[in-house]
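K.L.:
Below you will find the structure I want to go over with you.
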Amino acid sequence: MADVAPERIRVEVAYVEPGRQFLRAVDVAAGATVAEAIAASGVGAAFPHLDVANGKVGIFSRPATHDRVLRDGDRVEIYRPLVVDPKAARRRRAEKP
């Protein structure tokens, strides 16, 4: 990532759903936020049903906010909403014979 000018940083934006994945490296201005990197990546156009403005996000599997300032090399991850409550799923599995 040394080929990026000092006033720019390179980050990755990732989103995965069953059967499809999105991983794009984008160059953004130093001081850019998670929201700005998501917008620059084009993930919203690739997945129009995805609420990129309000969805949960993280950086390297750690929860983050949309206004968090990024560092060079960060991987922004966009998380899908849970389909089933984890507690309910465990209960159903435990009830099966």
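K.L.:
Can you spot a residue in the range 62-69 that is out of contact with any strand residue (DSSP E or B) (no Cβ under 7 Å at 6 or more places or on another chain), modelled with pLDDT of 95 or more and not in a strand (DSSP E or B)? Walk me through it before giving the result.
P.N.:
Filtering the range 62-69 down to residues out of contact with any strand residue (DSSP E or B) (no Cβ under 7 Å at 6 or more places or on another chain) leaves 62-63, 65.
With modelled with pLDDT of 95 or more added as a condition, the list becomes 62-63, 65.
Cutting the leftovers down to not in a strand (DSSP E or B) gives us 65.
Yes.
K.L.:
Kindly establish whether VAL52 is surrounded by 14 or more Cβ atoms within 10 Å (Cβ to Cβ) and out of contact with any strand residue (DSSP E or B) (no Cβ under 6 Å at 6 or more places or on another chain).
P.N.:
Numbers: surrounded by 14 or more Cβ atoms within 10 Å (Cβ to Cβ): yes; out of contact with any strand residue (DSSP E or B) (no Cβ under 6 Å at 6 or more places or on another chain): yes.
Here the answer is yes, as VAL52 does meet what is asked.
K.L.:
Looking at the range 57-97 only, could you name the residues that are surrounded by 15 or more Cβ atoms within 10 Å (Cβ to Cβ) and under 21 Å from ARG20 (Cβ atoms)?
P.N.:
Across the range 57-97, the qualifying residues are VAL57, GLY58, ARG75, VAL76, GLU77, ILE78.
K.L.:
Show the residue pairs that are 6+ apart or on different chains and have beta-carbon atoms under 6 Å apart, the first residue being within the range 34-51 and within 15 Å of ALA64 (Cβ to Cβ) and in contact (Cβ under 8 Å) with a residue 40 or more places away in the chain, the second being buried (at least 19 other Cβ atoms within 10 Å of the Cβ) and among the polar types (S, T, N, Q).
P.N.:
none
K.L.:
In addition: When you scan the range 79-97, do you find a residue that is of a type outside the set (S, T, N, Q), touching a helix residue (DSSP H, G or I) at 6+ places or on another chain (Cβ under 7 Å) and touching a residue at least 24 places away in the same chain (Cβ under 8 Å), even just one? I'd like the intermediate steps shown before the answer.
P.N.:
To start, the set of residues in the range 79-97 that are of a type outside the set (S, T, N, Q) comprises 79-97.
Next, from what is left, pick out any that are touching a helix residue (DSSP H, G or I) at 6+ places or on another chain (Cβ under 7 Å): none.
Within the range 79-97 (the criterion being of a type outside the set (S, T, N, Q), touching a helix residue (DSSP H, G or I) at 6+ places or on another chain (Cβ under 7 Å) and touching a residue at least 24 places away in the same chain (Cβ under 8 Å)), the answer is no, since none of the residues qualifies.
K.L.:
On to the next question. If you scan the range 21-46, which residues turn out to be of a type in the set (Gly, Ala, Ser) and part of a strand (DSSP E or B)?
P.N.:
The answer is ALA25, ALA29.
The values are calculated or read from the model by the stated rules, or taken from the named source; none is laboratory data. Keep in mind that what you see is a predicted model, and the values were worked out from it rather than measured. Please note: Cβ atoms are built from the backbone with ideal geometry, for glycine as well, and neighbour counts cover all protein chains shown.
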